[in-house]
Amino acid sequence: MTGKNKQGKKIKKENQEKNKKKNKKKKRKKYDFNEIETKWVKYWEENKIYKFDSNDTKKAVFSVDTPPPTISGSLHMGHAFGDAQQDFFVRFKRMKGFNVLNPFGTDNNGLPTLRLVEKENDVDSKSMKREDFIELSIKTIKEKYIPEFLEEIKRLGVSADFDIFYSTIDERSRRISQQSFIELYNQGREYRVDAPALWCPNCQTTIAQVELEDKDVSSEFSDIMIKADGEDLIISTTRPELFPASVAVFYNPKDKRYKHLKGKKAKIPLFDIEVPILEDEEVDMEKGTGIAYCATFGDQTDMEWQKQYNLPIKKAITSEGRMSSIAGKYKGMKIKEARKKILKDLKNKGLLVKQEKIMHPVNVCERCGTEIEFINKKQWFIKYLDLKKEMLEWGKEINWTPENMVNRYNNWVKGLKWDWCISRQIPFGIPFPVWYCKKCDEIVLADKKDLPIDPLESDPPVDKCPNSKCNSKEFIPETDIMNTWATSAMTPTIVKDLLKGTKVYEKIKDKPFDVRRNGQDIITFWDFNTVVKSQLHYKRKPWKELYINGWILGRDGHKMSKSRGNGISPKKVIKEHGADALRYLSASIGPGVATSFSDKDLIAGKKLVKKMINASRFVFMNLQEFNGRKPKNLEIIDKLFLTKVGLLIQKVTNLFEEYEPSKAKLAVEQFFWQDFCDNYLEIVKKRVYQGEGDEKKSAQYALYKGLLAIVKMIAPIMPFITEEIYQEYFKKYENDKSIHISSWPKPEYIEQKNLDEVHKFAHFVEILEAIRKWKTKEHKSMNSEIILTLTKKSYEELEEMKMLGDLKNVSHAVDIKQGK
RNA sequence: GGUCCCAUAGUCCAGUGGUUAAGACGCGUCGUUUACACCGACUAGAUCCAGGUUCGAUUCCUGGUGGGACCACCA
């Protein structure tokens, strides 16, 4: 045996130096991921690798309903993770032979876009014609924001067909949205009534709940004396300015203090308003004096009480945020001003009993920070509270990944209290195709063939009011626009509309999409509303599968947010580590799971890229005279290796089919690193260096097949490095223009005969491990020569398998003896 | 307040009703071979707590604790 003895650190260093020199000599090109990744992005685009073939009726279609991101800046990490995870199964399906319909849309019809366009062009949407503003916003987004955004999306390697593109404000989306409105109206599902709306006095618009923010503000909690049936009663409030809109006073039915006041009247000071005293369990006995007063509309509870007890609606605050005429001498004052004045007047009359400074959370407009108000307005609603039972059924028709996410949907449905208010009072968005008779308020709808239409710019399709009793010829256009979810809930219809006139359209028009993927935060908005609209319009589910992607938290384990300052830019990560590494990281999260951002995993992804390049380089270095054909006889160990590859293919295929790309990635990665690189490559090394004839060809064939399968299976996750390897090395033998449209590997050598033997491969590896362990323990180098003594059983098995030669090579054994 | 998810080595993350609980990062020791020092080999290191079901629980059930997310509320 020749083994080197323990070496000092000096020698170690010397060796490192030697190695550096060696590497310099080779002048090996470093893998420059930025250069290479950009190269393939360009190649894929130029060669239309991800094009959906809208005329191919033979191939099965795999259709995806993609969330259109709101574009008001650059790509954030949430987009990157979600889009990457969607891309994993999309690429898999494409390689599986599906004609993949993976469109791309952007959401540009909400408040964020309004503000972006105003800022960008220095205009005020309120002083512009709505039509002009829409045009301007389409131009602005199209020219600058969408191209920039798409560039980042493409750089991430998203394999969408960007020719199948929509914006939620484009003409098609407006038409479909208005069509939907008219159809649901004709179904009797839409109605228009007075309703409270969230109103921002500063922005002068109603706003959606999602646009609210909690803000802690200091305020004064005032105890004010009122008269109740001649008796003094103290109420506590932070909003005395709403006194003119008082409609009732409440106490808790369990509260003995006030039981005797049931059915009596209370008198609100300064305004001399008499209101009923009512009981309700919502009242918190501990809060203040246990008496709550109800005005139109102080808050959510006020609205509920108004409905429940059929209380009158009074308007104390105008849309400009000033006191209305019912406020008497306070009319015209700003809210806070009026509050001050009213408190002062109460104090002068000795009715202000106590004042306490408190911090309490209020709802403010997320844009400008102004406290929101509730105002009363005629609004359009989609009636659906009667459908709760059906909604729950509709949820069950869809396959949820992960399954538990259906609970989000169910809980939302069960908690619904109001019909869906679809009107918004902002100057930008999709108009309602509606006019009203000036005289009798009769509703006139646009003609479907005229859509999209803006009633502000057109006349109704009738000369006179359709109401036979009214002969008015004057109409008022609706100025409100539709809530953006009313449009984005139509994305499946919008995408299909893009394909109208193609052969595939006929094939898919009456079918649900295969899958929609999105984050868990919009299940209750986007997903729920899409299900409802699809069922109301087409009586079918919008998609078969709903995949909720895993999402990424900041390094601190909290949601990335500006206020926490824990956001990480995908652009920067891609620049520093490559898109493959970022995609690798997003592939470490399963569906519906949240994980903190991990730099370690990013590095692991980077290392995997490097390892794959090196392994491929090695394999092809030894395939010089390989002809790509299968030799007559495969060595047993090579065949068993391919059996293992086959088993892996089966496993990984199933995992992708089951929408578990993170598990698929883990399985391939472990196999590649351990079985392929650490063991199999070592096993066949000598044979490909020095072997001859079939013995060599067998190893070459197995290396080729094994590596190709591995590279293909990792391709959906890391499309860049795999394309690089495919084009650089495999292209000589394979014909496809891109690995991403090549066929998914098929398992081979998995006949029972081979499965029965595959444990022998493991046994071989066990022996290798034992030898390595021994050498390590003895401080011998791995290539030190040994004399090996095997147990009789092992020896016989290896002999029978003709693997003694391989073992000799890989363990550097000069002789192998048979023991007991 | 409602709902959901998670809890496994110093860290991240798999898996399992029953032999030795996988892998990565990090730590330690050793090695330097015609892919790879962003290397290889080897070592040490883990099932949150309390009950229950079971012959047997890290796994299933109940409760607790801790972390996270979503929704709602906040006179």
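The values are calculated or read from the model by the stated rules, or taken from the named source; none is laboratory data. In this text the structure is predicted, and so the values were computed from the model without any measurement. Glycine gets a Cβ as well: all are built from the backbone with ideal geometry, and neighbour counts include every protein chain shown. Keep in mind that these areas ignore ligands, DNA and RNA; they rest on the heavy atoms of the full protein, side chains included. Shrake-Rupley method; radii C 1.70, N 1.55, O 1.52, S 1.80 Å.
Residues in segment A:462-481 that are touching a Pro at 6+ places or on another chain (Cβ under 9 Å) and assigned to a loop (DSSP other than H, G, I, E, B): A:Glu478, A:Thr479, A:Asp480. Between A:Lys575, A:Lys606, the distinction of being open to solvent by 40 Å² or more (accessible area, probe 1.4 Å), of a type in the set (Lys, Arg), more than 9 Å from RNA strand B (Cβ to nearest atom) and more than 25 Å from A:Leu546 (Cα to Cα) belongs to A:Lys575 only.
Here segment A:301-317 is the region considered, the condition is being free of Cβ contacts under 8 Å to residues at least 40 places away in the same chain and on the phi < 0 side of the Ramachandran plot, and the residue that is nearest to the chain's Cα centre (by Cα) is A:Thr301. Could you tell me whether any residue of segment A:219-232 is more than 16 Å from RNA strand B (Cβ to nearest atom), open to solvent by 10 Å² or more (accessible area, probe 1.4 Å) and not in a strand (DSSP E or B)? Yes, that holds for at least one residue.
Among the residues of this structure, A:Cys440 does not count as one that is surrounded by fewer than 19 Cβ atoms within 10 Å (Cβ to Cβ), part of a loop (DSSP other than H, G, I, E, B) and either in contact (Cβ under 8 Å) with a residue 60 or more places away in the chain or within 15 Å of RNA strand B (Cβ to nearest atom) (or both). Taken over segment A:467-499, the criterion of being in contact with a Cys (Cβ under 8 Å, 6 or more places away or on another chain), open to solvent by 50 Å² or more (accessible area, probe 1.4 Å) and farther than 28 Å from A:Ser125 by Cβ is satisfied by A:Lys469, A:Asn471, A:Lys473. Of the residues making up segment A:337-377, those that are part of a loop (DSSP other than H, G, I, E, B) and away from RNA strand B (no atom under 15 Å from the Cβ) are A:Lys349, A:Gly350, A:Leu351, A:Arg367, A:Cys368, A:Thr370. Buried (at least 22 other Cβ atoms within 10 Å of the Cβ), closer than 22 Å to A:Pro570 by Cβ, hydrophobic (A, V, I, L, M, F, W, C) and at pLDDT below 95 - does that describe any residue in segment A:93-113? Checking segment A:93-113: not a single residue is buried (at least 22 other Cβ atoms within 10 Å of the Cβ), closer than 22 Å to A:Pro570 by Cβ, hydrophobic (A, V, I, L, M, F, W, C) and at pLDDT below 95.
If you check A:Ala581 against the conditions, is it assigned to a helix (DSSP H, G or I) and either within 24 Å of A:Val158 (Cβ to Cβ) or in contact with a Pro (Cβ under 9 Å, 6 or more places away or on another chain) (or both)? Considered against the rule, which asks whether it is assigned to a helix (DSSP H, G or I) and either within 24 Å of A:Val158 (Cβ to Cβ) or in contact with a Pro (Cβ under 9 Å, 6 or more places away or on another chain) (or both), A:Ala581 comes out as yes. Can you find a residue in segment A:43-52 that is of a type in the set (Asp, Glu) and without any contact (Cβ under 8 Å) to a residue 60 or more places away in the chain? Yes, the conditions are met somewhere in segment A:43-52.
Candidates in segment A:502-539 are the residues that are aromatic (Phe, Trp, Tyr) and away from RNA strand B (no atom under 16 Å from the Cβ); of these, the one that is farthest from A:Glu397 (Cα to Cα) is A:Tyr505.
When A:Gly592 is tested against (1) within 20 Å of A:Ala84 (Cβ to Cβ); (2) open to solvent by 30 Å² or more (accessible area, probe 1.4 Å), exactly one condition is not met: (2). Note on segment A:46-149: enclosed strands (runs of 3 or more DSSP E) holding 3 or more residues that are within 22 Å of A:Lys503 (Cα to Cα) are A:61-65, A:99-101.
Annotation: of all residues in segment A:663-682 being open to solvent by 20 Å² or more (accessible area, probe 1.4 Å) and near RNA strand B (Cβ under 10 Å from one of its atoms), the one that is nearest to A:Leu546 (Cα to Cα) is A:Lys663. Among the residues of segment A:378-386, is any among the β-branched types (Val, Ile, Thr) and either buried (at least 17 other Cβ atoms within 10 Å of the Cβ) or away from RNA strand B (no atom under 11 Å from the Cβ) (or both)? Yes, there is a match, as at least one residue in segment A:378-386 is among the β-branched types (Val, Ile, Thr) and either buried (at least 17 other Cβ atoms within 10 Å of the Cβ) or away from RNA strand B (no atom under 11 Å from the Cβ) (or both).
Note on segment A:789-815: residues that are buried (at least 18 other Cβ atoms within 10 Å of the Cβ), modelled with pLDDT of 85 or more and part of a strand (DSSP E or B) amount to 1.
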